[in-house]
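Below is one structure, written out as structure tokens; the observations come after it.
What follows draws every value from the coordinates through simple rules; no lab data is involved. Nothing here was measured: the structure is a model prediction, and the numbers come from that model. Cβ atoms come from the backbone with ideal geometry, glycine included; neighbour counts cover every protein chain shown.
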Amino acid sequence: DRMKQAVTRTRESLSDSISSVVALTREVDQASLDELEPRLLAADIGSATTAIIMENLRQRALRTGIESGAQLRQILKVELKQILDGVSRPMQHPAAPPEVILMVGVNGTGKTTTTGKLANLYRTQGRSVLLCAADTFRAAAIEQLEVWAQRSDVPVIKTKQGGDPSAALYDALTAAKARGTDVLIADTAGRLHTKTDLMKELDKMRRTAEKLVPGAPHQTFLVMDATTGQNGLQQARLFTEAARVSGIVLTKLDGTAKGGIVLAIATELKLPVLYAGIGEKIDDLIPFDSTAFIDSLVG
Ligand code: GDP
């Protein structure tokens, strides 16, 4: 399936290294566990998460022993699943439309592309969508979003580059209410020169949304680039401090060996990954399924 294909490189790095430190049928000893540790780190699972997993594996090995590499894989799957389940929660949808979604994240992570893909995904689910092009900071982001919108036949409310994102959002909210649109997705500027600027801007957008639609924004999706690894995590933290992030859209999962970042996101940001970007085409966005992800990863 598509998840399996997307995490091929991470699987090659992680699953093959599990095979190289422990034979499937041989008992797992402390020495082979010691060798597993750097491999988890190499998959970008992160030092905090790796420490938790290794501690649990060592305890388990001491208590009951780990009889085989196959059993080790099984235990690892359960451990990883627990970490992801620990931060997952059902998405809250408003009783009445429009559902308002803010897309936040650093430029270059794939925020605009993801906004277009998400509009397409919801359209194929039969929901009406309105896009708001409020990335008034990055040149070409607005035109880029218009191209995506055309492909999935979704209308866009925009403002000119350098304009006020909240003004664009205001117009879009008004239009969504008047048209009875199911979902309004707003692309925002991914500028990051200071945390205060970022907070101010996101706060203003939040207040604008709240004023026109009670309870809005209902979702704030933080777009993260899987290939940036631990560095991306650092930047993501700023956004979680500036906005009430509901979950992560992890882009560029295709072709990276750093898919383990999903676990670091859970442990360090305490946030679930909700969608995964697995390519550059419009339908290359899939709802994130943690069981499928872990099965693909550990093999
Ligand atoms: P923004 O600055 O955050 O709005 O980033 P863009 O949406 O312009 O995306 C930056 C680049 O990443 C573009 O070349 C996209 O095609 C590419 N991109 C976005 N998502 C994915 C993904 O899931 N997989 C791959 N391979 N490329 C992606």
Within segment 107-125, the residues that are under 19 Å from Ala141 (Cβ atoms), in a loop (DSSP other than H, G, I, E, B) and either more than 8 Å from the ligand (Cβ to nearest atom) or in contact with a strand residue (DSSP E or B) (Cβ under 8 Å, 6 or more places away or on another chain) (or both) are Gly108, Thr109, Gly110
Within segment 238-258, which residues are among the hydroxyl-bearing types (Ser, Thr, Tyr) and in a helix (DSSP H, G or I)? Thr240
Can you tell which of Ala176, Ala172, Ala167 is over 30 Å from Asp254 (Cα atoms) and surrounded by fewer than 21 Cβ atoms within 10 Å (Cβ to Cβ)? Ala167
Pairs only if they're at least six apart or on different chains, beta carbon under 9 angstrom, first in segment 136-159 and more than 15 Å from Arg191 (Cβ to Cβ), second of a type in the set (A, V, I, L, M) and within 10 Å of the ligand (Cβ to nearest atom); list them, first residue then second. Val156/Leu145; Lys158/Leu145
Filter segment 7-51 down to the residues that are aliphatic (A, V, I, L, M), within 21 Å of Asn231 (Cα to Cα) and either surrounded by 14 or more Cβ atoms within 10 Å (Cβ to Cβ) or without any contact (Cβ under 8 Å) to a residue 40 or more places away in the chain (or both) and list them by number. Val7, Leu14, Leu40, Leu41, Ala42, Ala43, Ile45, Ala51
Can you work out which of the residues in segment 262-292 that are of a type in the set (Val, Ile, Thr) and in contact with a strand residue (DSSP E or B) (Cβ under 7 Å, 6 or more places away or on another chain) is farthest from the ligand (Cβ to nearest atom)? Ile265
